[in-house]
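As structure tokens, the structure follows; a few thoughts come after it.
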Amino acid sequence: MGSEKKGKIIMFPQTKERLIEEAFMALEAKRYKEAFRFLRAAEQLGDSSFPVRLGLAVCCYELGEHDEAEWRLAALLEEQPDNSELLQMYIALLLQTNRYSEAEAAIRAALQRPSLSVSLRGQLRQLLRFSEKMSARPLPPAEWKQAKRLLESGDIAEQMQLIKQLEKEEISPVLPLLKQYLREPDKSPMAKTMLLRLLTVKRVDEAVTVEKFGRRIDVVPSALNEQTETEFASMLLRLLEQRLSADSPSLYETAAEIWLRYAYILYPFPPEPANAEAWMAALHWMASRFQGIDVETNDVAARYGVTEAEMAELCKKLHEVEKLSFL
């Protein structure tokens, strides 16, 4: 049978059937986290049956994992387009996440099917009217006020707080103001990173222009993959650990903190130049200074095989961002 230890499922022989049995008992009791773990384990063991995939979709829906719930429900609906429960759950999820145009498209497609029951057809028409009304609503005053204040405020802490508040709001009506913030060169690069990540979570599929540190880029937030965009930064972090942690764990931790702040504030731009040795030299020297360790620039540069000039240029970039971090 399946048993749990520190959140992980330990597998025993003939466990797939028991996993599913435990999963549906947990589902019936509305223990969704537990059910999800059992069902995911069954799926990993090769069970791709409809009930298992439906159970996973229900768990994701109930646990607020909306992205995974959506693609799972969409895949199930392709197999069973006349499944009214699936359809209602899928449309409810789209409405719950304020994606009214997608909900309207799904409802209109469903209404074309002659097999739809009269009662469900009536429910869907009501949901369609609601979705159309929400799509056409005027700019919500609270959201508009927050977005305007974001543009006008010179206080970075307040700007970041306003972006946090927008996480709970429907942002499509104020998207032009948010796009304006991202392209204004004098706005906080740190707040711009927060805002861009918010637009990614909200799945904004319009192109936005981001300007930071004299660099400009056009991106589509919904298409951004943070793991891909920060690949160089992640690779450098691993190299830092290999090269510094054995010498001094505290020096590595300080260097890693500096680097993570830098990569965060720079996002979605990659660090330039893509010279890992020069960046490691600069981080080593700055981390040493932060810890009050007096090191010679030529010694650090020589350790990583770079020139002092290369290292100094990157120290300057890091220092510029460090000043922003503590404003």
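The values are calculated or read from the model by the stated rules, or taken from the named source; none is laboratory data. Not measured: the values here are computed from a predicted model. Here the Cβ is made from the backbone with ideal geometry for all residues, glycine too, and neighbour counts use every protein chain on show. These area figures cover heavy atoms from the full protein model, side chains too; ligands, DNA and RNA do not enter into them. Shrake-Rupley method; radii C 1.70, N 1.55, O 1.52, S 1.80 Å.
So here's what we get for this one:
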item: Relative contact order of segment 201-274, pairs being alpha-carbon contacts under 8 Å that are 6 or more residues apart, as %; result: 27 percent
item: Computed label-point distance, nm, for sites A157 and R238 using a 7 Å Cα→Cβ extension; result: 3.9 nm
item: Segment 214-274 - percent of accessible surface contributed by carbon and sulfur, probe 1.4 Å; result: 50 percent
item: Alpha-carbon radius of gyration plus Dmax, which is the widest Cα pair, for segment 37-86 in Å; result: 10.5, 29
item: Environment charge at E68 (Cβ cut-off 13 Å; Lys +1, Arg +1, Asp -1, Glu -1); result: -2
item: Relative intensity, log₁₀ I(q)/I(0), of segment 48-153 from a Debye sum that treats every alpha carbon as a point, q = 0.17 Å⁻¹; result: -0.82
item: Accessible area per residue, Å², segment 78-170 with all protein chains present, probe 1.4 Å; result: 60 Å²
item: Isotropic mean projected area of the C-alpha convex hull, segment 177-236 (nm²); result: 4.2 nm²
item: Long-range Cα-Cα pairs in segment 217-327 (distance over 18 Å), rounded percent; result: 48 percent
item: Against the rule of thumb 2.2 N^0.38 Å, how large the Cα Rg of segment 11-95 comes out; result: 1.07
item: Segment 48-146: relative contact order in percent, alpha carbon pairs under 8 Å with at least 6 residues between; result: 19 percent
item: Rg and Dmax of the chain, Cα atoms only, in Å; result: 25.5, 81
item: Segment 210-327 - accessible surface per residue (Å², probe 1.4 Å); result: 53 Å²
item: Rg [Å, one decimal], Dmax [Å, integer] - segment 91-209, C-alpha atoms; result: 17.7, 58
item: Around L93: net Lys/Arg minus Asp/Glu count, Cβ-Cβ under 12 Å; result: -4
item: Long-range tail of P(r) for segment 160-269 (Cα pairs > 18 Å, %); result: 54 percent
item: Cα centroid separation, segment 252-285 to segment 163-188 (Å); result: 27 Å
item: Cβ-based charge dipole, the chain, positive-most Cα from M194, L116, L39; result: L116
item: Over the chain, relative contact order from alpha-carbon pairs under 8 Å, at least 6 apart, %; result: 8 percent
